[in-house]
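The values are calculated or read from the model by the stated rules, or taken from the named source; none is laboratory data. All values derive from a computational prediction rather than experimental measurement. Note that each Cβ is placed from the backbone with ideal geometry, even for glycine, and that neighbours are counted across all protein chains shown.
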Amino acid sequence: MVLSGILLKFGSYGMLRLVINLFPRYSESCSMYVIIICLFSIVYASYLTIRLTDIKKIIAYSSIIHMNFTVLGLFVLKTYGVSGAIFSVLSHSLVSPMLFFCAGTLYSRYKTRNILYYGKLSHTMPKFSYLFFLGIIFNAGVPVSCCFVSEYVLLYSICS
């Protein structure tokens, strides 16, 4: 929870304040390489996430995808990209720790992290399953969620 909630945000802030502001020419010349690496990493991590059954690994790989979107928005070097990256960091700092908390609660109750064993969760833990479902759809970027707005702004900055 601490890693996804705080430490990843320090890295994003460091990129924004140190790398891009102190070395603007170097950032501009390397931006295309960083964008290509981020796009490849987003696709590859998405492919890996689909195949997993461990709930903590799924949340961790989705955090990798969100942080790649953040770096992508920073290295587009446009105003919309930077504002979308900041909003992505803020939304990720709320959603990801909530999902890790839910995964930890499920592990302490069922003693397994395999998602195949969490069937009928709404019967045994109805309020918790509602909270967990909200965390999952917010993390997926469903419209009207904070992650959707940040990803929309990031994709707009990439396409314009």
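Here E151 clears all of (1) more than 17 Å from P97 (Cβ to Cβ); (2) without any contact (Cβ under 8 Å) to a residue 24 or more places away in the chain; (3) within 23 Å of the chain's Cα centre (by Cα) except the condition numbered (2). Within segment 115-130, can one find any residue that is at pLDDT 90 or above and closer than 21 Å to A45 by Cβ? Scanning segment 115-130, I find at least one residue that is at pLDDT 90 or above and closer than 21 Å to A45 by Cβ, so the answer is yes. Can you say whether N114 is more than 18 Å from M67 (Cα to Cα) and touching a residue at least 24 places away in the same chain (Cβ under 8 Å), as far as the supplied structure shows? Judged against the criteria, N114 is a match.
Evaluated against (1) among the aliphatic types (A, V, I, L, M); (2) farther than 16 Å from L154 by Cβ; (3) touching a Pro at 6+ places or on another chain (Cβ under 9 Å), L77 falls short on exactly one condition, (2). For the condition within 29 Å of S129 (Cα to Cα), among the polar types (S, T, N, Q), in contact with a His (Cβ under 7 Å, 6 or more places away or on another chain) and crowded, with 22+ Cβ neighbours inside 10 Å, S96 does not qualify. Being surrounded by 14 or more Cβ atoms within 10 Å (Cβ to Cβ) and either at pLDDT 90 or above or more than 16 Å from the chain's Cα centre (by Cα) (or both): is that true of V43 here? No.
Is it fair to say S93 is part of a helix (DSSP H, G or I), at pLDDT 90 or above and over 14 Å from K56 (Cβ atoms)? No. Here the condition is being at pLDDT 90 or above and closer than 28 Å to L134 by Cα; of V71, V34, it holds for V71 alone. Cβ-Cβ contacts under 8 Å between residues 6 or more apart (or on different chains), taken from a first residue in segment 1-15 that is part of a helix (DSSP H, G or I) to a second residue that is modelled with pLDDT of 80 or more and among the acidic types (D, E), are absent.
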